[in-house]
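Colleague: Here it is: the structure, laid out below.
The values are calculated or read from the model by the stated rules, or taken from the named source; none is laboratory data. Because the structure is a prediction, the values reported are computed rather than measured. Using ideal geometry, Cβ is built from the backbone for each residue, glycine included, and neighbour counts are taken over all protein chains shown. Just the protein is used for accessible areas: all its heavy atoms, side chains included, with ligands, DNA and RNA removed. Shrake-Rupley method; radii C 1.70, N 1.55, O 1.52, S 1.80 Å.
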Amino acid sequence: MATNAYKTRVEGMDCASCALKIETAMQRLPGVADVRVSYSAATLALRFDQDRISPSTIDDELRSLGYRPQAIAPSPSSIRTERKRLPWWQDAKLQTVMIAAAVFALAFALSQLFPAYARWLYSAAAAVCLIPIARRALIGARSGSPFSIETLMTVAAIGAVMIGEAEEAAVVIVLFNVGEWLETFAAGRARAGIEALTDVVPRTARRLRDGSDQVEEIPAADLMIGDVVVVRPGDRIPSDGKVLDGHSDVNEAPITGESVPVAKAVGDHVYAGSINANGELRIETTNAAADNTIARIIHLVEQAQESKAPTERMIDRLSRWYTPAAMLVALLVIIVPPLGFGEDWATWIYRGLATLLIACPCALVISTPAAIASGLAVGARKGLLIKGGAVLETLGKVKTVAFDKTGTLTLGQPQVTDVVAVIGQEDAVLARAAAVEGNTSHPIGQAIVRAAKARAFQLPVVFGGSQAVPGKAISARLKDGFAFVGSPRFAAERTTIPPELATTISGLEREGKTVVVLISGNTCEGAIAVRDEPRPDAAGALRQLTSKGIAVVMLTGDNARTAQAIAGQLGMEARAELLPDAKLAEISRLKEVSPVAMVGDGINDAPALAAASVGIAMGGGTDVALETADAALLNDRALGVAELIALSQATLGNIWQNISIALGLKAVFLATSLLGVTTLWMAILADTGATVLVTANALRLLRWRASEA
């Protein structure tokens, strides 16, 4: 069967019960498979057999359920246009609230004029207001959701009218509509966390006309790969790209969460939505609007919201039998006291109807997805990209974190750590070595050149360029003759290394450093040690993890000496000289004991990232690592691992708080209902109140700070 993909935004889906209703209805349609409904993103995705059903039929089914399908926009800028808020007077649910309130007010006014007809007036008001609710209940029942909140409301309202409580039935329906509108409002606030990401991409771009310096202003969504844009100081960058001209500091906080501006010069990559600080830049566009960093983040987060977390799946299963069971309990409350103990029927029918309203599972069903949506949103805003609710939950249960070394715990490129002078000053040794290495592509030579430039040294003049001695050294002619930078073995072959220097070199090598020797003619002038040093935040990240009782271990393909030196500096265990299959075996062994996270950045880490309970990729790593991993640190900071786990633990705590609120309030009001204290209008307020409280509690996560890690 050839299937096509279908995805739409569903306007009006404001609670997880709505999502369950839509999911059930879609699964009953012929030719439909792989249904994924996200309440938090307000989206429906599925696959359909075009020979058995069409997208228009799916749209019609959504409309029959009371929802409005709306096409997904292709780029962030059009998403912003599409999802703009309607004026308040055009809000369908608010209109329903106002109509219901007006009908009730009219019934109240007429009942004051004609008190003898009060019951009939309120009954008529209740009937008018109940029609759309009863219609949705009927459609839901036909679509496979017979125990929806609309069903409970319809049964309760009709029952109240039948026992002479028409006035209260009308009040309950008005309050129910108010609650529905409040849920829509709260859901909109929750979704705003992700939608706010679209606002960081500017609407327009200043593009250079072909072959000229003339600037034209065009919609940012129309930028093509290869276009050159001019970004002035203070402007947001309209697309992912590469700097062609200019230099400036760029604030990348909207993408990476890192508040410190990053210096950008010719050849550097920049992200859409970043803020240019102090210099004009000319940037070549490298990604279309629909494929820039912001668009990919939004797409990945919405995909993540479509995948249900384990707790959410558990709650969904619970709710499928919870509501029928609640209706059975309400029925028993109605019939047992009168039949078994001779109690008054009207009293216990009333209490049973109150029990029915209290039992609505909306707050319980929303407890997990609301928290997950907030957790994913705040993570994305802080450069912590998490690919699903299941990942977010699992992170909080991790007991061991395994780190790759190079590019993960370390900076990924060698740095000069020590300069030893035998003749002259250390600065002169570094400057002369940098002059010899001036045009090299070797990482060690580049590290020496970077160190000299960082200290603003005036380098000696090189005559005739540098020459390589393959596998041993590089040489160049300086003003006072030929100089060589090579390995200690090469130096020993060419001249005698002073005993003190030889001892120093041995000590540096035991620390996992690579040492080169500077020779002028046949004389040792000194030595320079380089090593791929730990990231500045690596030690702090490991301390935060161990303080939470999480074990840390280094898994690296590097040699044992270097691995042990770095691990010793960071205070962790190291397992070295591991090929990709050996890393995979180590992860599998750790995973047998407890959930394990793997953090890496390279292609060789991909198998271990995929096998771990949670794979975490560094943002500066390879595309293969980013695609394979379950989470990514867009800010490329080791501290992000501790922040991910802290965010997960905060989200898990929020979920259980929500479940406690939902069940706790129901337990209290159930008891008061059976005692005759709770009225029908109090029962519906209890349900609506629980839903609003749960949503508000979930929204607290949007204020989560990385400092809480």
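Colleague: Against the definition (β-branched (V, I, T), in contact with a Lys or Arg (Cβ under 8 Å, 6 or more places away or on another chain), open to solvent by 20 Å² or more (accessible area, probe 1.4 Å) and farther than 16 Å from V422 by Cα), how does V462 come out, yes or no?
Modeller: Yes; evaluated as a whole, the condition is true for this residue.
Colleague: I've got another one for you. List the residue pairs whose Cβ atoms are under 8 Å apart, where the first residue sits in the stretch 519-539 and is closer than 18 Å to T408 by Cα and among the acidic types (D, E), the second is in a strand (DSSP E or B) and modelled with pLDDT of 95 or more, and the two are 6 or more positions apart or on different chains.
Modeller: No pair meets every condition.
Colleague: May I pose another question? Output the residue which, of all residues in the stretch 200-225 that are surrounded by fewer than 10 Cβ atoms within 10 Å (Cβ to Cβ) and not charged (D, E, K, R), is modelled with the highest pLDDT.
Modeller: Of everything passing the filter in the stretch 200-225, Q214 is modelled with the highest pLDDT.
Colleague: Can you give me the number of residues within the stretch 516-551 that are part of a strand (DSSP E or B), among the β-branched types (V, I, T) and surrounded by fewer than 22 Cβ atoms within 10 Å (Cβ to Cβ)?
Modeller: Keep residues of the stretch 516-551 that are part of a strand (DSSP E or B), which gives 516-520, 523-531, 534, 551.
The next check asks that each one be among the β-branched types (V, I, T); those that pass are 516-517, 519, 523, 528, 530.
Cutting the leftovers down to surrounded by fewer than 22 Cβ atoms within 10 Å (Cβ to Cβ) gives us 523.
Final tally of qualifying residues: 1.
Colleague: Can you name every residue in the stretch 52-71 that is assigned to a loop (DSSP other than H, G, I, E, B), free of Cβ contacts under 8 Å to residues at least 60 places away in the same chain and within 32 Å of the chain's Cα centre (by Cα)?
Modeller: Matches in the stretch 52-71: Y67 only.
Colleague: Same structure, new question: For residues in the stretch 678-698 being in contact with a Phe, Trp or Tyr (Cβ under 8 Å, 6 or more places away or on another chain) and of a type in the set (G, A, S), which is surrounded by the fewest Cβ atoms within 10 Å (Cβ to Cβ)?
Modeller: A686
Colleague: Of the conditions (1) open to solvent by less than 30 Å² (accessible area, probe 1.4 Å); (2) within 42 Å of the chain's Cα centre (by Cα), A433 fails just one. Which one is it?
Modeller: So the condition that A433 fails would be (2).
Colleague: One residue is enough: does the stretch 341-357 have a residue meeting the conditions under 26 Å from Q657 (Cβ atoms), part of a loop (DSSP other than H, G, I, E, B), at pLDDT below 90 and not hydrophobic (A, V, I, L, M, F, W, C)?
Modeller: No, there is no match, as no residue in the stretch 341-357 is under 26 Å from Q657 (Cβ atoms), part of a loop (DSSP other than H, G, I, E, B), at pLDDT below 90 and not hydrophobic (A, V, I, L, M, F, W, C).
Colleague: Would you be able to say whether some residue in the stretch 325-335 is in a helix (DSSP H, G or I) and closer than 30 Å to S613 by Cβ?
Modeller: no
Colleague: Scan the stretch 140-153 and give yes if some residue there is at pLDDT 85 or above, open to solvent by 50 Å² or more (accessible area, probe 1.4 Å) and not acidic (D, E), otherwise no.
Modeller: Scanning the stretch 140-153 turns up no residue that is at pLDDT 85 or above, open to solvent by 50 Å² or more (accessible area, probe 1.4 Å) and not acidic (D, E).
Colleague: Can you tell me which condition R705 does not meet? The list is (1) more than 17 Å from P361 (Cα to Cα); (2) open to solvent by less than 30 Å² (accessible area, probe 1.4 Å), and all the others hold.
Modeller: The one condition R705 does not meet is (2).
Colleague: Still on this model: So which of E500, E493 is open to solvent by 90 Å² or more (accessible area, probe 1.4 Å), among the acidic types (D, E), in a helix (DSSP H, G or I) and modelled with pLDDT of 90 or more?
Modeller: E500
Colleague: For the stretch 490-499, indicate whether the set of residues that are over 22 Å from V449 (Cα atoms), touching a residue at least 60 places away in the same chain (Cβ under 8 Å) and not β-branched (V, I, T) is non-empty.
Modeller: Yes, the stretch 490-499 contains a residue that is over 22 Å from V449 (Cα atoms), touching a residue at least 60 places away in the same chain (Cβ under 8 Å) and not β-branched (V, I, T).
Colleague: Can I ask one more? Which members of the stretch 275-292 meet the condition of being free of Cβ contacts under 8 Å to residues at least 60 places away in the same chain, open to solvent by less than 40 Å² (accessible area, probe 1.4 Å) and under 20 Å from G226 (Cβ atoms)? Even if it seems obvious, please write down each step before you answer.
Modeller: As a first pass, look at the stretch 275-292 and keep what is free of Cβ contacts under 8 Å to residues at least 60 places away in the same chain: 275-281, 283-284, 291.
Now drop any that are not open to solvent by less than 40 Å² (accessible area, probe 1.4 Å), which leaves 276, 279, 281, 283.
Passing the criteria: L281, I283.
Colleague: On to the next question. Is there a residue in the stretch 647-670 that is in contact with a Gly (Cβ under 7 Å, 6 or more places away or on another chain) and of a type in the set (G, A, S)?
Modeller: yes
Colleague: Only residues that are part of a strand (DSSP E or B) and either at positive phi or surrounded by 21 or more Cβ atoms within 10 Å (Cβ to Cβ) (or both): list them for the stretch 503-515, please.
Modeller: Hit for the stretch 503-515 is V515, nothing else.
Colleague: Which of the residues spanning the stretch 470-480 are closer than 20 Å to A492 by Cβ and surrounded by fewer than 13 Cβ atoms within 10 Å (Cβ to Cβ)?
Modeller: Answer for the stretch 470-480, where residues must be closer than 20 Å to A492 by Cβ and surrounded by fewer than 13 Cβ atoms within 10 Å (Cβ to Cβ): P470, G471.
Colleague: For the stretch 3-46: of the residues being charged (D, E, K, R) and surrounded by 17 or more Cβ atoms within 10 Å (Cβ to Cβ), which is nearest to F147 (Cα to Cα)?
Modeller: So the first thing to find is which residues in the stretch 3-46 are charged (D, E, K, R), and the list is 7, 9, 11, 14, 21, 23, 28, 34, 36.
Subsequent filtering for residues that are surrounded by 17 or more Cβ atoms within 10 Å (Cβ to Cβ) retains 9, 14, 21, 23, 36.
Numbers: R9: 25, D14: 18, K21: 10, E23: 14, R36: 21 Å.
So the residue we want is K21.
Colleague: Would you check which residues across the stretch 436-459 are open to solvent by less than 50 Å² (accessible area, probe 1.4 Å), among the small types (G, A, S) and under 19 Å from T514 (Cβ atoms) and list them?
Modeller: G445, A447, A451, A452
Colleague: Just to be sure I understand, how many residues within the stretch 431-444 are at pLDDT below 90 and outside any loop (DSSP other than H, G, I, E, B)?
Modeller: Count: 2.
Colleague: To continue, here is another question. Working only within the stretch 589-621, note down all residues that are over 19 Å from the mean Cα position of the chain (by Cα) and open to solvent by 50 Å² or more (accessible area, probe 1.4 Å).
Modeller: R589, K591, E592, V593, I603, N604, P607
Colleague: Suppose we keep only residues that are among the hydroxyl-bearing types (S, T, Y) and surrounded by 20 or more Cβ atoms within 10 Å (Cβ to Cβ) within the stretch 642-677. Which one would you say is farthest from the chain's Cα centre (by Cα)? Even if it seems obvious, please write down each step before you answer.
Modeller: Taking the stretch 642-677 and keeping what is among the hydroxyl-bearing types (S, T, Y), we get 648, 651, 660, 672-673.
Cutting the leftovers down to surrounded by 20 or more Cβ atoms within 10 Å (Cβ to Cβ) gives us 648, 651, 673.
Values: S648: 11, T651: 12, S673: 42 Å.
Filtering the stretch 642-677 for residues that are among the hydroxyl-bearing types (S, T, Y) and surrounded by 20 or more Cβ atoms within 10 Å (Cβ to Cβ), the one farthest from the chain's Cα centre (by Cα) comes out as S673.
Colleague: Of the residues that make up the stretch 467-484, is at least one of a type in the set (S, T, N, Q) and assigned to a helix (DSSP H, G or I)?
Modeller: No, the stretch 467-484 has no match at all.
Colleague: Right, here's the next one. When the residues of the stretch 381-413 are narrowed to those that are part of a helix (DSSP H, G or I) and touching a strand residue (DSSP E or B) at 6+ places or on another chain (Cβ under 8 Å), which ends up most open to solvent (accessible area, probe 1.4 Å)?
Modeller: T394
Colleague: While we're looking at this one, here's another question. Only one of L328, L318, L364 is open to solvent by less than 10 Å² (accessible area, probe 1.4 Å) and out of contact with any strand residue (DSSP E or B) (no Cβ under 6 Å at 6 or more places or on another chain); which?
Modeller: Within the list L328, L318, L364, the selection yields L364.
Colleague: Looking at the structure I just gave you, is L639 within 25 Å of the chain's Cα centre (by Cα), open to solvent by 10 Å² or more (accessible area, probe 1.4 Å) and either under 20 Å from G389 (Cα atoms) or not acidic (D, E) (or both)? Lay out the reasoning, then the answer.
Modeller: Details: within 25 Å of the chain's Cα centre (by Cα): yes; open to solvent by 10 Å² or more (accessible area, probe 1.4 Å): yes; either under 20 Å from G389 (Cα atoms) or not acidic (D, E) (or both): yes.
Yes: the conditions hold for L639.
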